[in-house]
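Heads up, the thing below is written out as structure tokens.
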Amino acid sequence: MSLREELILPFIVEATEDHSHTVIFLHRFPQETTAEELPTKVLSAKLTKNHKTLAQQFPTIRWIFPYPKLHANDTNGRLNNQHWKGLSTEEVERLELPFGPALPYITQIVFREAQLADGLDKIILRGQGDGAIAAHDACTSFPELSEAHRQRENIEKGFLGHFFHNPEWTKLEQLKMAGFVGMHAQDGRATRDESDYILSRRTSNARIVNHTILRQTPHKFIRGGYKTQTITWDGPRIDAFASFLNSLGITRHGFDKQLPSLNPGALAPKVRQAPEEQKAKPEITAQQRHALEIMESKKADEEARRRILMRIEEDKRNRKYRQEDKRIARQQAPVKDTEKVISAGPREPSVESEEAEPERESRSANWGRKKRLHGWENWATMPEELKMPWEPQKEGSMSEAQLKALGIWQDDVA
């Protein structure tokens, strides 16, 4: 299930027929997995080779999926993968654990489901990766009887009935679970759940609860066999798990027993024809290769020409848009600016300027004469035409228009 910072009650898929067994599966989905995605990702929704889900083939099984807890990394920055341990007091109350913090989380779920299924021998524990190790730890975390209490039959029988809920059990030697399944990566190293099971079969004591349960519980370890590239089958590991459930005596519906024995790694989900081998293409000659290079060069030139033409047309359109914007701006310009433009046009020559023309010529002549005088420092060597004294002009000094403007012009009286 998806990682959660605060644990909630497990995700449950109920049995569709009379409840006979319970599968408790420990798996860790990413934290971002939504509640809408979980029903399609859990184990009960996985497809076997006959394209049916496990829930459809085992309708008497109740499926339990406890949520894993997200812990912070340790002081060295390593990930804390103890996802089914370290519950807070609030989480213990929220999960309604019957024994509070006295027993591990998964062990208490096993006790609760054993009560609903009428016995510990109706419970299958299954885990994947870290979940398999945590599930196997739950198999060795059941409460124990002291040596003195194990000698008293009434205490032993009451102990079995209170925790393991099978009314037929009277001795500790009868303890067992329906099964345990651990799933791990292909060709990986031996994990702790595998090594613990091997050691328990060599050193177990029939009068110790956890030794007895571990030794007498059927174990199945599946390596590899993950999902192939198909939407109608979730890989041979699911078929191997379904076969293990069937071997425990759980009725499997919709499965043809006349089929040959399952070999998960050898069969495909559907019988498909082998793809036809493609014939090797003949090698091209030097002339064909040259012609191909010329054709590719022409294509490249045409593509470059097409891009250039597109750029030219784009520049034309942009230029046209800019001209149109300027024209609209001129039409929308204020009236005052228009009057200024009209008034700034060329001016026609007036009568006053025509009459003042001889005066300007006289001034320029006097200025030229003064410039020549300044050029002579010796009076004796100065030419006679430059020694003539300067006299002001007597006629034509002011124009008629200027005199009229001053109010001193008088017309001749006849």
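Laboratory data are not the source of any read-out in this text; all were calculated from the coordinates shown. Note that the structure is predicted; figures quoted are calculated from it, not measured. Positions of Cβ are backbone-derived with ideal geometry, glycine not excepted, and every protein chain shown enters the neighbour counts.
What the table shows:
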{"read-out": "Rounded FRET efficiency, nearest 0.05, which uses the C-beta distance separating LEU3 from ILE284 and R0 of 56 Å", "value": "0.45"}
{"read-out": "Protection proxy ranking, peptides 283-289, 218-224, average beta carbon neighbours within 10 Å, highest first", "value": "218-224, 283-289"}
{"read-out": "Computed label-point distance, nm, for sites ARG201 and GLU324 using a 7 Å Cα→Cβ extension", "value": "8.8"}
{"read-out": "Theoretical FRET efficiency, 1/(1+(r/R0)^6), r = Cβ-Cβ of LEU248 and GLU168, R0 25 Å, to 0.05", "value": "0.90"}
{"read-out": "Extension reserve of the GLU17-THR230 stretch, reckoned as 0.36 nm per residue once the Cα distance is removed", "value": "73.7 nm"}
{"read-out": "Mean Cβ count within 10 Å, highest first, over the residues of peptides 169-178, 28-37", "value": "169-178, 28-37"}
{"read-out": "Alpha-carbon Rg with Dmax, taken over the range 126-228, Å", "value": "15.6, 55"}
{"read-out": "Packing-based ranking, highest mean first, of 48-54, 158-164 given that Cβ atoms within 10 Å are counted", "value": "48-54, 158-164"}
{"read-out": "Rule-of-thumb Rg ratio for the range 11-247 [Cα; 2.2 N^0.38 Å; N residues]", "value": "1.04"}
{"read-out": "Relative contact order, percent, the range 11-247 [alpha-carbon distance under 8 Å, six or more residues apart]", "value": "21"}
